[in-house]
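Here's the structure, in structure tokens; my notes come after.
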Amino acid sequence: MNITQSNSSELTEDEKDKMFSMYRLSYEMGGQPLWFKNKEELFSRYPCFVTFNNNYLVVYAMFQLKKKFNKISLVCHDGSEEGKRLSIELRYNLVNKDGWILEAADKVSWLLRKKGAPIIEKYESIVDALDIVNNPDDTIELNPDFNKDDRTSYQYLRIYNDVANGKRYESKETLFGLFSCDYNGSYCNRTCKIIGGTRRKLSERKNRKIRKSRKSRKSRKSRSKSISEKR
């Protein structure tokens with residue numbers, strides 16, 4: 001399935017109404033609070049969205065334009081079994097693309113981990129990806145006992161201090177994604193350019209490990225053959 005990125009300015013008012021209804025339905029089914037009261041608030045906050053084959057009235061994800069990533073902020077479906085299935089597939093497909101990240105908790109985090117979705121692991125990489133390096137009101141605490149194969153485990157605790165309203169929010173999250181990008185522009189269809197040849201360096205490192213492993217196996221076979229001949 002093809003992934004299509006769009007801007008909400010291309011939608012009709014009727015389509016926006018239907019997508020807002022999908023947002024309400026998805027969040028109510030998941031037992032989550034509704035942060036947006038109407039479609040104007042929703043599309044004003046997240047003008048960019050992505051879906052499969054332009055089929056946004058079945059499933060869609062809204063995303064933020066971060067410096068090095070497109071951050072998936074919410075995923076909605078039409079309530080059908082196919083829509084719910086595609087909501088997981090859309091997340092999985094996106095985090096396997098360079099320049100996309102998703103914070104996920106609870107059931108969604110576990111479903112993605114079971115499918116083998118890539119996880120951004122280092123503390124420095126996480127705070128850089130979330131763009132909270134210099135924000136004292138938005139911090140994370142790594143979970144030293146994180147186990148990706150444990151359903152109840154989580155990667156870090158995210159803590160946000162809403163100073164203006166005197167509130168503190170905490171959530172147990174795992175950050176999924178691959179390589180960061182050198183994005184140019186702030187439009188929904190912007191393209192990804194890998195930063196600093198990261199993929200090439202990682203590929204070379206992987207190839208060195210493979211060559212070293214093969215050499216080690218050959219050496220063990222040679223020693224084994226020598227011992228056998230002496231016997």
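Values in this text are rule-based calculations from the coordinates and carry no lab data. Every value quoted in this text rests on a predicted model; they were computed, and no experiment measured them. In this analysis, Cβ positions are derived from the backbone assuming ideal geometry, glycine residues included, and neighbour counts consider all displayed protein chains.
For the pair Asp17 and Ala164, a Förster radius of 41 Å applied to the C-beta separation gives a FRET efficiency near 0.85, rounded to the nearest 0.05.
Each residue of region 146-162 was assigned a 3J(HN,Hα) from its phi angle through the Karplus curve 6.51 cos²θ - 1.76 cosθ + 1.60 (θ = phi - 60°); the sequence is 4, 9, 5, 8, 9, 3, 8, 7, 9, 7, 7, 9, 9, 10, 10, 9, 7 Hz, with glycine and proline shown as x.
Stretched out straight at 0.36 nm per residue, the stretch from Glu121 to Leu142 would grow longer than its current Cα-Cα span by 6.6 nm.
Report the relative contact order of region 3-219, percent, no decimals, based on alpha-carbon pairs under 8 angstrom and at least 6 residues apart. Can you show the working numbers first?
On the way: 341 pairs, mean separation 37.8, N = 217.
With pairs under 8 Å counted, the relative contact order is 17 percent.
Of the chymotrypsin sites (Phe, Trp or Tyr not before Pro) found in region 77-157, those in coil by DSSP whose Cβ has at most 16 other Cβ atoms within 10 Å are Phe146.
Within region 50-100, list the trypsin sites (Lys or Arg not before Pro) lying in a DSSP loop whose Cβ has at most 12 other Cβ atoms in a 10 Å radius. Taking region 50-100 and a limit of 12 other Cβ atoms within 10 Å, the loop trypsin sites (Lys or Arg not before Pro) found are Lys67.
In order along region 167-172, phi translates into HN-Hα couplings of 10, 10, 10, 10, 8, 8 Hz, rounded to whole numbers, per the Karplus curve 6.51 cos²θ - 1.76 cosθ + 1.60 with θ = phi - 60° and x for Gly and Pro.
With K and R counted +1 and D and E -1, the other residues having a Cβ less than 15 Å from that of Ser21 yield a net charge of -3. Annotation note: GluC sites (Glu not before Pro) in region 60-136 located in DSSP loop regions with a Cβ neighbour count of at most 13 within 10 Å are Glu121.
Under the simplified labelling scheme, the Asp150-Glu40 pair shows an inter-label distance of 4.8 nm, with each label point 7 Å from Cα along Cα→Cβ. For the cross-link pairs Lys68/Lys97; Lys67/Lys193; Lys18/Lys39; Lys39/Lys66; Lys18/Lys97, the ones whose C-alpha atoms lie over 19 Å apart are Lys39/Lys66; Lys18/Lys97.
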